[in-house]
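Asker: Here you go, one structure.
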Amino acid sequence: MFDQIAQSIPYQKLKINAPVEVTIKRLDLVHPQISGNKFFKLKYNFLEAQKSGLDKIITFGGAYSNHIAATAFAAQQFGFQSVGIIRGEELKEKPFNTTLKTAEQFGMQLHFVSRENYRLKDTSDFLDKLNADYPASYVIPEGGTNALAIQGCKEILTQEDQQNYDVICCAVGTGGTITGLIQACAAHQSVLGFSALKGDFLNKQVAEWTIQHNWTILDDYCFGGYAKTQPVLIQFMKSFEQQYQIPLEQVYTGKMLFGIFDLIQKNYFPAKSKILVIHSGGLQGRNSITE
Ligand SMILES: *Cc1c(COP(=O)(O)O)cnc(C)c1O
């Protein structure tokens, strides 16, 4: 399943009125709902689970987590069972949002925990209990980022991508995807990340995962923080979608493209730069935020 996906990703060059070239790598077309980058993050984790003889995947996330939906889908495709530990006990009683409905539809067993308990999810007590409740399971951390996820994300870039572009742009959540891109890119390339979250901690985090220096993460376009929006962002997304027929969502890719267009206007990129934009998808989250 995973290798097929990597080979079938289309590119779309944007007609823009500026002295740079912008090409979108449409990971969003891999699946109508599931974030394209998440398949790359899951690939080596699933292979590792399989190698260890485990056929149940456990992972963690909030009610709007694209990672939860993606894991549910990929697990079903792979023939694994899946369990999602979801932050917020109160959600159990409410009608599910699109993300949770999607996850359930793909066979994920949802296990709601209180916010206090969720905070303890990386402690050995919590993990021991989890192991007792769901024996023989393979545990993937919240957001899906670990060393095997980074290894998978290196495969987002093909050899042609390494040769044909100067700058690679991507949206950043936990930093797993950008770290893979940084590790995979050629020496003449740089990687520019657009953080969906406020703060400098992602720069520190990613610096721990890579020794390379040809990358930057900006939080200037996070619009106040994770899943926060402003009318000017929504306005931009609408006109972008109309002009290019490429759907965006407001948590990751909308903010990234807003940032790229703003930087182009400010002549941030040298003339003739060839920019490759990773459209990571996440379109199932498009409506659920505003629900
Ligand atoms: C999860 C996600 C990201 C962020 O990926 P990280 O590896 O967590 O940085 C970006 N875009 C979309 C659409 C996502 O779902």
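Asker: Considering each residue of the range 232-291, count those that are open to solvent by 80 Å² or more (accessible area, probe 1.4 Å), part of a loop (DSSP other than H, G, I, E, B) and among the polar types (S, T, N, Q), and give that number.
Answerer: So the count comes out to 3.
Asker: Let me confirm something: among LEU283, LEU181, LEU233, LEU257, which residue is among the hydrophobic types (A, V, I, L, M, F, W, C), farther than 22 Å from GLY152 by Cβ, in contact (Cβ under 8 Å) with a residue 24 or more places away in the chain and touching a helix residue (DSSP H, G or I) at 6+ places or on another chain (Cβ under 7 Å)?
Answerer: It is LEU233.
Asker: When you go through (1) surrounded by fewer than 17 Cβ atoms within 10 Å (Cβ to Cβ); (2) closer than 18 Å to PHE258 by Cα one by one for LYS121, which number turns out not to apply?
Answerer: (2)
Asker: Looking for whichever is at pLDDT below 95 and not in a strand (DSSP E or B) here; the options are GLY224, GLY199. Which one fits?
Answerer: It is GLY199.
Asker: Right, next: Among the helices (runs of 4 or more DSSP H) confined wholly to the range 101-171, which include 3 or more residues that are closer than 30 Å to VAL20 by Cα and within 16 Å of the ligand (Cβ to nearest atom)?
Answerer: Counting at least 3 such residues, we get 147-153.
Asker: State whether the residues of the range 206-213 include one that is surrounded by 14 or more Cβ atoms within 10 Å (Cβ to Cβ), touching a residue at least 24 places away in the same chain (Cβ under 8 Å) and within 12 Å of the ligand (Cβ to nearest atom).
Answerer: Taking every residue of the range 206-213 in turn, at least one turns out to be surrounded by 14 or more Cβ atoms within 10 Å (Cβ to Cβ), touching a residue at least 24 places away in the same chain (Cβ under 8 Å) and within 12 Å of the ligand (Cβ to nearest atom).
Asker: Now a separate question. Being within 15 Å of the ligand (Cβ to nearest atom) and open to solvent by 10 Å² or more (accessible area, probe 1.4 Å) is the filter; apply it to the range 178-198 and report the residue that is farthest from ALA6 (Cα to Cα).
Answerer: The residue in question is LYS198.
Asker: In the set THR59, THR71, THR98, which member is under 19 Å from the mean Cα position of the chain (by Cα), on the phi < 0 side of the Ramachandran plot, open to solvent by 10 Å² or more (accessible area, probe 1.4 Å) and within 14 Å of the ligand (Cβ to nearest atom)?
Answerer: None of the others qualify; the one that does is THR98.
Asker: Output the residue which, of all residues in the range 35-46 that are in a helix (DSSP H, G or I) and among the polar types (S, T, N, Q), is farthest from the ligand (Cβ to nearest atom).
Answerer: Checking each candidate, the answer is ASN45.
Asker: Looking at (1) under 23 Å from SER137 (Cβ atoms); (2) in a helix (DSSP H, G or I); (3) within 17 Å of the chain's Cα centre (by Cα), find the lone condition where ALA49 falls short.
Answerer: Failed condition: (3).
The values are calculated or read from the model by the stated rules, or taken from the named source; none is laboratory data. Please read all numbers here as calculations on a predicted model, not as lab measurements. So basically every Cβ, Gly included, is an ideal-geometry build from the backbone, and we count neighbours across all protein chains shown. Note: accessible area is taken over every heavy atom of the protein model, side chains too, but ligands, DNA and RNA are not part of it. Shrake-Rupley method; radii C 1.70, N 1.55, O 1.52, S 1.80 Å.
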